[in-house]
Amino acid sequence: MVSRVIPVEVFDLVIFGATGDLARRKILPGLYRRFLAGQMTAESRIIGAARTDLDTAGFRKLVQDAIEEFVSADRRDPAMIAAFLEHLDYVSIDASKGEAGWTSLNGLMRAGVVRAFYFSVAPSLFGELAEKLHAHGIADGQSRIVVEKPFGRDLATARALNATLASHFEESQIYRIDHYLGKETVQNLMAVRFANILFEPLWNSQFIDHVQITVAETVGVEGRGSYYDKSGAMRDMVQNHLMQLLCLIAMEPPYHFDPNAVRDEKLKVIRALQPVPHDDIVRGQYNPTKTAPGYLEDSENPDSRTESYIALKVHVANWRWKNTPFYLRTGKKLRARASEIAITFKEPPHSIFDDAEGWRENVLVIRLQPNEGMNLTVMIKEPGPGGMRLMQVPLDMSFAEALGEEAADIPDAYERLIMDVIRGNQTLFMRGDELEAAWAWTDPIIQGWEARGDKPKGYDPGSSGPEDALMLMHRDGRRWREIKE
């Protein structure tokens with residue numbers, strides 16, 4: 001199998017916050033990998049912009065160090081790194097203070113190429129950046145901006161943020177990035193559903209018993225406790241990442257694989273989400289251990305009622321998903337780092353086999369991380385004599401095994417999404433009305449537990465979460481899948 005890497009158009013990409021952690025860990029190393037793969041053209045340029053007092057040589061050294069730290073050794077080619085660094089420039093700009101640096105930035109921009117601006121900064125600076133880009137004639141009607149989450153903390157702030165961006169840019173120019181949508185397996189979910197007649201006829205409440213979406217982390221909130229305590233798992237993960245995964249599972253087939261057609265169908269799912277009763281919500285905080293602090297210590301707020309874990313039972317009110325629950329859970333300091341979607345099918349209407357106890361449901365598992373791939377469990381006869389005894393076996397496909405050497409060339413989420421920005425493809429980015437609809441569903445849930453004064457349940461680090469989360473499934477006669485790598 002030969003990998004097809006198609007170069008993108010010539011571009012000038014300005015990264016605001018270019019000396020920050022996200023730029024160092026993800027954005028700049030990812031751009032180097034795209035350059036190495038031949039997707040970034042020789043005429044394209046990357047311009048770093050930040051408050052840090054650096055010159056271009058200093059910025060190139062910072063990027064070289066980031067490549068050495070965050071790019072695997074087999075991808076670090078000294079000649080290619082040197083060539084990549086030649087495409088980098090730097091301008092010192094403080095968006096909140098004065099006009100210094102903007103004239104210099106304008107002088108670096110070229111006519112006739114794609115202009116993209118990555119706002120890897122706090123959302124409070126989005127408006128100032130957008131205004132300055134237009135005031136200095138740096139952005140035009142063809143420019144594109146990339147904005148990072150959080151996209152507000154509730155419906156009111158999300159609307160205000162959308163209005164701020166809309167005052168300077170058209171919706172077609174705004175790319176709200178959610179790195180989960182850039183994962184190869186997430187996109188393959190659409191291919192599995194809509195390119196294979198095998199699954200789509202079964203993709204409804206008649207054949208699917210329930211769906212589980214799990215995003216589990218082993219780390220706590222160390223180092224960002226004060227920020228996290230103002231958001232929590234619901235705002236930080238469910239409202240965006242898990243919501244987007246749910247939409248891709250539940251949405252109707254779009255008329256075409258077109259950005260707005262796909263996002264129209266996702267929006268319909270969000271608007272069809274039913275309110276969630278408080279009995280279908282479990283919130284938790286990780287406990288301290290003998291050697292490590294708990295959430296209350298990490299957040300530096302002994303009275304915190306912010307959740308580091310949440311599980312919800314969600315229903316989509318439409319014909320396709322009538323009475324099929326979606327169970328969502330995400331948390332920190334859990335047993336393993338794992339992200340997966342598990343679609344559990346119903347049992348056959350009638351079993352012809354005496355070994356009824358040996359029966360297990362068919363489950364399609366889409367693994368997002370680690371070891372991206374898909375797994376479908378099916379029933380077969382247990383080998384050997386002694387009658388018809390049933391056993392469950394997996395039909396397993398990991399990308400690393402199925403694609404061989406080509407798997408190493410699969411771009412990570414940020415790489416893919418940035419290249420989509422340059423192409424002008426918004427399919428994998430949230431639209432403004434989609435964002436507001438997600439907050440309109442999320443806000444009443446948060447307001448409900450705040451009004452009740454609910455306290456999160458404690459859970460032990462290294463566990464699968466609070467005991468109440470197990471009961472959320474057990475009362476329906478179901479079980480959570482084991483959290484494991």
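The values are calculated or read from the model by the stated rules, or taken from the named source; none is laboratory data. A quick note: this is a predicted structure, and the numbers were derived from the prediction, not measured. Cβ: placed from backbone, ideal geometry, glycine included. Neighbour counts: every protein chain shown. Heads up: the accessible areas ignore ligands, DNA and RNA and are worked out on the full protein's heavy atoms, side chains in. Shrake-Rupley method; radii C 1.70, N 1.55, O 1.52, S 1.80 Å.
Before moving on, here are some points about what is shown:
- A simple rule links phi to the HN-Hα coupling: the Karplus curve 6.51 cos²θ - 1.76 cosθ + 1.60 with θ = phi - 60°, which for the range 250-256 gives 8, 5, 6, x, x, 5, 7 Hz, with x for Gly and Pro.
- Once the Cβ-Cβ distance of D412 and E467 is raised to the sixth power relative to R0 = 30 Å, the FRET efficiency obtained is 0.25.
- Extension gain from H474 to D443, taking 0.36 nm per residue of separation minus the Cα-Cα distance: 8.4 nm
- For M251, nonlocal amide neighbours, meaning residues 5 or more places apart or on other chains whose placed amide H falls under 5 Å from its own, do not occur.
- Protection proxy ranking of 225-231, 444-450, by the mean of other Cβ atoms within 10 Å over each peptide's residues and highest first, is 225-231, 444-450.
- Rounded to the nearest 20 debye, the dipole size of the chain about its Cα centre is 460 debye, using +1 on the Cβ of Lys and Arg and -1 on the Cβ of Asp and Glu.
- Solvent-accessible area, 1.4 Å probe, carbon plus sulfur percent, for the chain: 52
- Simple spin-label estimate for L125 and T103 gives 2.2 nm between the two label positions (7 Å along the Cα-to-Cβ direction from each Cα).
- Net dipole in debye of the range 159-262 [+1 Lys, Arg Cβ; -1 Asp, Glu Cβ; about Cα centre; nearest 20]: 200
- Computed 3J(HN,Hα) for the range 466-473, one whole-Hz value per residue from the Karplus formula 6.51 cos²θ - 1.76 cosθ + 1.60 where θ = phi - 60°, is x, 4, 4, 5, 5, 5, 4, 8, glycine and proline marked x.
- Sorting E297, E415 by accessible area puts them as E297, E415; the probe is 1.4 Å, largest comes first, and only protein heavy atoms count.
- When the helices of the chain are scored as -39500 (n - 2.57) per DSSP H run of n ≥ 4 and the total is divided over every residue, the value at 222 nm lands at -9000 deg cm²/dmol.
- Kirkwood hydrodynamic radius of the chain, from inverse mean 1/r over distinct Cα pairs, in Å: 24.3
- Note, ³J(HN,Hα) from phi for the range 126-134, Karplus 6.51, -1.76, 1.60, rounded to Hz, x at Gly and Pro: 4, x, 5, 5, 4, 5, 5, 4, 7
- Pair N301, A82: separation of 7 Å Cα→Cβ label points (nm): 5.1
- Taking 0.36 nm per residue of sequence separation and removing the Cα-Cα distance, the A160/N371 pair yields an extension gain of 72.1 nm.
- 1.4 Å probe accessible area per residue over the chain, in Å²: 45
- Net charge over other residues, Cβ less than 11 angstrom from the Cβ of A216 (K, R count +1; D, E count -1): +3
- Counted charge near T427, where neighbours are those whose Cβ lies closer than 13 Å (Asp, Glu -1; Lys, Arg +1): 0
- Compared with the alpha-carbon gap, the fully stretched path from F345 to A57 is longer by 97.9 nm at 0.36 nm per residue.
- Estimated distance in nm for a label pair at I380 and N323, the labels positioned 7 Å out from Cα along Cα-to-Cβ: 3.4
- Relative contact order computed over the chain (Cα-Cα under 8 Å; 6+ residues apart), in percent: 18
- Sites D433 and E361, calculated FRET efficiency, Cβ-Cβ separation with R0 41 Å, nearest 0.05: 0.65
- Under 5 Å, built H, 5+ apart or other chain: amide partners of V14: I47, A116, F117, Y118
- For D209, distant residues with modelled amide H under 5 Å away: T344, F345, K346
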